[in-house]
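Colleague: Okay, handing you the structure first.
Just so it is clear, none of the values below were taken in a lab; they were calculated from the coordinates. Please read these numbers as outputs of a predicted model, since none were measured by experiment. FYI the Cβ positions are ideal-geometry reconstructions off the backbone, even for glycines, and counts take in every protein chain you see.
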Amino acid sequence: MPIIVWQLAFFVGPVLFMVAMSFFLVKNYRMTEAFEFVNWAKMFSKGYFWSSYWHTVWIATISTLCAMCLAFPAAFALAFKASENTRRWAIFFLIIPFFTSYLVRTFSWFVILSESGVVNAILGTVGLGPYTMLNTHIGTLVGYMTLTLPLVVILQTVTMANIDRTLIEAARNLGCKPLAVIWRVILPLSKAGFIIAAVFCFILSFGDFVAPFYLGGSQEPTLPILILDTTKSGQQWPRAAVIAVVMMATLFTLAFTAIAIAYRKRSTS
Amino acid sequence: MTKPAKSKSSLLTNRRDFLRVGGGAILAAPFINKVHAAPVEINMLAWYGHGEPDVVAEFEAANNVKFVPKYYAGGDNMLALIAQSPPGTYDIILSDGEFVQQLNAAGYIEELEPADYPFDDMLHPDFQQFPGHWSDGKLHSVILRGGHLGVSYNKNAITAEEAQSYACFWKPEIKGKVGHFDWHLPNLGMISLFEGNAADLWNLDDAAWGAVQDKTMSLREQIGGFFDYGGTFNSLKNGEMQAMCGIGDWITGTLERDGAPVASVIPKEGGIQFTESYCIGKNSEKADIVKKFMQYMLSPAGQVKSAQMAAYPGFCVTKGGRAALIEADPKEAMRSHQMDGMANEPIALINEGRIHYRDIPTQQSLEDWNDFWSEYKNA
């Protein structure tokens with residue numbers, strides 16, 4: 001019962017208010033209660049809204065693919081090669097970044113990625129560069145990785161560490177090559193955990209404001225940046241609410257679909 | 001048998017009594033102190049920096065007051081914060097000059113007595129009768145400082161000669177290295193000037209507005225990013241951006257003080273002046289001390305504080321202030337051209353007609369400009 005009350009008070013209530021707010025009007029910089037569809041009509045009729053929407057979906061998808069691929073070797077090594085003690089310490093170290101402010105971690109990339117930064121200095125020693133990384137999609141993706149990679153590594157590690165080792169040994173005994181073991185045994189058995197990791201990564205990237213704003217230079221604004229722009233000029237909170245509702249609807253659809261796929265039982269026929 | 005009364009000296013004879021009396025005294029000490037020295041809190045609504053110690057500490061100490069600043073970014077944001085707060089929340093409001101009219105129309109500010117302020121000492125007649133500060137002969141706001149917006153550039157990438165025109169933003173060599181301060185008003189104002197609209201830069205008919213949009217769109221491929229205050233500052237400092245549209249000395253001046261090879265100039269097409277003005281919040285119960293603070297900030301000492309403000313520089317608006325700045329900090333006066341006869345001296349630029357006060361569009365709504373700005377960012 002308390003959990004239901006908690007959910008109603010701190011999740012369902014605010015979401016319903018946000019949906020209601022999307023129908024409000026702004027008069028003299030003050031929100032007034034109304035039930036008008038003008039905000040929805042306005043946002044849906046604007047090309048920049050749809051550009052931002054598809055750009056956000058695209059870059060969050062790229063971020064998810066990058067995080068899943070980059071995390072896998074580390075998670076595999078931790079799950080199957082490292083000792084129990086090493087794995088515990090590794091997970092502890094992966095949690096440590098969450099103790100510090102994400103904004104501070106993002107700002108530290110300025111020193112590393114700028115044209116006079118560490119990466120270009122190293123590349124310069126072998127005659128390469130300088131390359132522009134800040135204020136580009138590369139910068140945005142680096143920020144997304146800062147946010148999501150530790151979490152994805154942890155989820156993948158925990159998932160693979162719980163696979164029954166006898167199944168892997170059986171596959172090897174039956175002549176399965178190492179890559180085939182990964183493809184035909186480990187990945188199918190990790191499906192649910194991997195999908196959850198990917199969903200978390202997508203959700204965090206999709207809703208992140210800091211990386212595309214500070215490391216991506218707001219080039220091709222994502223939806224969180226569009227929310228800021230909308231509230232900054234004219235204090236159009238109802239229009240910002242429209243964007244937020246669309247974002248939530250997208251993420252709900254994705255999450256429910258992903259969970260359905262993750263836990264779908266394999267056909268026995 | 002009656003219990004013998006404790007003498008005063010015997011009150012502290014055991015450890016428990018000592019702790020009780022001593023502890024009570026220690027806990028009460030700060031409150032005793034505060035009874036005598038509790039400062040009056042003044043709620044300030046302002047751009048970042050105006051309520052910081054480098055500006056207000058001296059006044060606070062002399063008058064036993066404490067400023068409680070609430071910072072905003074942009075006139076819209078300021079109006080919204082006031083609209084959403086109960087009347088009397090803010091005692092003093094620092095507004096961009098062009099938004100004073102709206103503050104007055106909404107009844108958010110008090111009328112001022114002109115005799116209380118040094119209008120005779122203003123550096124330029126425009127500052128005495130600043131547009132929007134007066135309504136039906138009544139004063140509602142007093143100008144504090146200003147600054148000019150033009151071409152801001154890295155001296156290693158753009159020559160001083162090239163910087164004499166907004167055309168330098170289109171220079172092929174700096175493709176991807178031109179940044180925007182992420183606010184449509186100064187950026188589109190500058191492009192409007194580049195389009196030759198001069199004094200009519202805010203008063204654009206459909207054809208002129210269309211031309212400004214087309215010219216702005218042609219700049220898009222040069223753009224390397226859209227930045228807030230911190231991002232603008234960083235990207236110029238670390239060389240990621242070599243020219244910046246929408247700003248002026250208020251950003252590059254701070255970097256220049258630290259030795260960065262950046263500068264701002266007013267190009268031949270003209271520049272824009274931002275103006276910051278003080279108002280007294282409607283129904284403020286501290287109007288008297290706020291008036292005293294405004295008088296202090298318009299005094300020579302206050303004007304020097306304003307010109308030297310750590311967050312971002314601005315130029316003096318009074319003759320006394322400028323004279324005091326030249327005496328107290330000739331280096332800053334020289335750097336900001338606040339000396340008679342210097343090239344780009346702010347008042348001379350106004351007199352030459354090269355400076356236009358920042359305003360809001362007259363034939364389009366702010367929403368139209370903002371919509372276009374969002375389209376531009378997505379292009």
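Colleague: Kindly state, to the nearest 0.05, the FRET efficiency for B:Ala167 paired with A:Thr100, given R0 = 60 Å and r defined as their beta-carbon distance.
Modeller: 0.85
Colleague: Now for a different question. Compute, for the protein assembly as shown, the length of the dipole vector about the Cα centre, with Cβ point charges of +1 (Lys, Arg) and -1 (Asp, Glu) only. Units Debye, rounded to 20.
Modeller: Charge dipole of the protein assembly as shown: 4100 debye, to the nearest 20.
Colleague: Which residues among segment B:205-221 fall inside the zone where the amide N is under 11 Å from a point 7 Å beyond the Cα of B:Lys175, along Cα→Cβ?
Modeller: Residues B:221 fall inside that zone.
Colleague: Looking only at trypsin sites (Lys or Arg not before Pro) in DSSP loops with at most 16 other Cβ atoms within 10 Å, what is the longest site-free stretch of chain A?
Modeller: Free of exposed loop sites, the longest segment is A:1-263.
Colleague: Still on this structure: With everything on Cα atoms, drop me the angle between helix B:15-37 and the longest principal axis of chain B, reported from 0 to 90° to the nearest 10.
Modeller: 40 degrees
Colleague: Cα-Cα pairs above 18 Å in segment A:1-84: how many percent?
Modeller: So the portion of pairs separated by more than 18 Å is 71 percent.
Colleague: Going by amide H atoms built from the backbone, whose H comes under 5 Å of the H on B:Leu144, apart from near neighbours?
Modeller: Sorted by chain and number, the residues that satisfy this are B:Glu276, B:Ser277, B:Tyr278.
Colleague: Now for a different question. Collect residues whose amide H, placed 1.01 Å from N in the peptide plane, falls under 5 Å from the amide H of B:Asn43; neighbours closer than 5 in sequence don't count.
Modeller: B:Val68, B:Asp91, B:Ile92
Colleague: Can you find, among B:Asn156, B:Ser306, B:Pro131, the residue farthest towards the positive end of the dipole of chain B? Put +1 on the C-beta of Lys and Arg, -1 on that of Asp and Glu.
Modeller: B:Ser306
Colleague: Name the GluC sites (Glu not before Pro) in segment B:260-331 that are in a loop by DSSP and that have at most 15 other C-beta atoms within 10 Å, would you?
Modeller: Of the GluC sites (Glu not before Pro), the ones in loops of segment B:260-331 whose Cβ has at most 15 other Cβ atoms within 10 Å are B:Glu285.
Colleague: Averaged across A:226-237, how many Cβ atoms of other chains sit within 10 Å of each residue's Cβ atom?
Modeller: Whole-number average of other-chain Cβ neighbours for A:226-237 is 5.
Colleague: Within segment A:1-97, which chymotrypsin sites (Phe, Trp or Tyr not before Pro) sit in a loop by DSSP and count at most 13 neighbouring Cβ atoms inside 10 Å?
Modeller: A:Phe35, A:Phe37
Colleague: DSSP H helices in chain A with Cα extent of 18 Å or more along the helix axis and mean Kyte-Doolittle hydropathy at least 0.5?
Modeller: Result, helices passing both filters: A:47-76, A:137-161, A:191-207, A:237-262.
Colleague: Is there a quick way to get the dipole size of segment A:51-262? I mean about its Cα centre, with the Cβ of Lys and Arg at +1 and of Asp and Glu at -1; what is the value in debye to the nearest 20?
Modeller: 500 debye
Colleague: Let me ask another. Scan around B:Gln363 for amide H atoms under 5 Å from its own, H built in the peptide plane at 1.01 Å from N, and keep only partners 5 or more places away or cross-chain.
Modeller: B:Leu204
Colleague: For chain A, set up a Gaussian network in which alpha carbons nearer than 10 Å are linked by springs, and say which option among A:Ala198, A:Ala180, A:Ala82 fluctuates the most.
Modeller: A:Ala180
Colleague: GNM on chain A, C-alpha springs below 10 Å: top fluctuator among A:Pro73, A:Pro130, A:Pro238?
Modeller: A:Pro130
Colleague: For a quick check, take a GNM of chain B with Cα springs below 10 Å and name the residue from B:Thr254, B:Thr275, B:Thr159 with the largest mean-square fluctuation.
Modeller: B:Thr159
Colleague: May I pose another question? Need one word for the protein assembly as shown: rounded, prolate or oblate. Basis is the Cα gyration tensor (sqrt eigenvalues a ≥ b ≥ c); a/c below 1.5 gives rounded, then a/b vs b/c decides.
Modeller: oblate
Colleague: Residue-wise, which Karplus ³J(HN,Hα) couplings in Hz belong to segment B:293-302, taking 6.51 cos²θ - 1.76 cosθ + 1.60, θ = phi - 60°, and x for glycine or proline?
Modeller: Per-residue couplings from phi come out as 5, 4, 5, 4, 5, 8, 6, x, 5, x Hz.
Colleague: Still on this model: Positive end of the charge dipole of segment A:51-262 (Lys, Arg +1 and Asp, Glu -1 on Cβ, about the Cα centre): tell me which of A:Ala121, A:Gln235, A:Thr146 has its Cα farthest that way.
Modeller: A:Thr146
Colleague: Among rounded, prolate and oblate, which fits segment A:51-262 when a ≥ b ≥ c are the square roots of the eigenvalues of its C-alpha gyration tensor, a/c under 1.5 means rounded, and a/b larger than b/c means prolate?
Modeller: Since a/c reaches 1.5 but b/c is at least a/b, the shape of segment A:51-262 is classed as oblate.
Colleague: A follow-up question, please. Is there a quick way to get the dipole size of segment B:94-200? I mean about its Cα centre, with the Cβ of Lys and Arg at +1 and of Asp and Glu at -1; what is the value in debye to the nearest 20?
Modeller: Using Cβ point charges on Lys, Arg, Asp and Glu, segment B:94-200 gives about 700 debye.
Colleague: Relative contact order for chain B: what is it in percent, counting Cα pairs under 8 Å that are at least 6 residues apart?
Modeller: Answer for chain B is 22 percent.
Colleague: Next question. Just check chain B against the gyration tensor rule for me: Cα atoms, a ≥ b ≥ c as the square roots of the eigenvalues, rounded for a/c under 1.5, and otherwise prolate or oblate depending on whether a/b exceeds b/c.
Modeller: prolate
Colleague: Below 8 Å between Cα atoms, with a sequence gap of 6+, how large is the relative contact order for chain A in percent?
Modeller: 28 percent
Colleague: Here's another thing I want to ask about it. Determine, from the Cβ-Cβ distance of A:Phe256 and B:Glu221 and an R0 of 60 Å, the FRET efficiency 1/(1 + (r/R0)^6), rounded to the nearest 0.05.
Modeller: Approximately 0.90, to the nearest 0.05.
Colleague: Roughly how many nanometres apart are two label points built 7 Å out from the Cα toward the Cβ at B:Ala207 and A:Trp58?
Modeller: 3.7 nm
Colleague: Simple spin-label model, 7 Å along Cα-to-Cβ: A:Val38 to A:Ala249 in nm?
Modeller: Here the modelled spin labels are 2.1 nm apart.
Colleague: Between A:Phe93 and A:Ile163, what is the spin-label point distance in nm, taking each point 7 Å from the Cα along the Cα→C-beta axis?
Modeller: For the pair A:Phe93/A:Ile163, the computed spacing is 2.3 nm.
Colleague: At what distance in angstrom do the alpha carbon centres of segment B:32-107 and segment B:265-295 lie from each other?
Modeller: Each part's Cα centre sits 12 Å from the other's.
Colleague: Let me ask something else. Give a residue-ordered list of calculated ³J(HN,Hα) values for segment B:49-63 (Karplus: 6.51 cos²θ - 1.76 cosθ + 1.60, θ = phi - 60°; whole Hz; x for Gly, Pro).
Modeller: Each residue of segment B:49-63 in turn: x, 6, x, 7, x, 4, 9, 9, 4, 4, 5, 4, 5, 6, 10 Hz.
Colleague: In whole angstrom, note down how far apart the Cα centers of segment A:43-94 and segment B:306-379 are.
Modeller: 46 Å
Colleague: Longest exposed-loop-site-free stretch of chain A, with GluC sites (Glu not before Pro), DSSP loop and at most 14 other Cβ within 10 Å?
Modeller: It runs A:37-269.
Colleague: What do you get for Rg/Rh over segment B:168-241 if you use C-alpha atoms and the Kirkwood form of Rh?
Modeller: On the Cα set of segment B:168-241, Rg over Rh gives 1.01.
Colleague: Sticking with this one: Per-residue mean of other chain beta-carbon atoms within 10 angstrom of the beta-carbon, peptide B:234-247?
Modeller: For peptide B:234-247, the averaged partner shielding equals 3.
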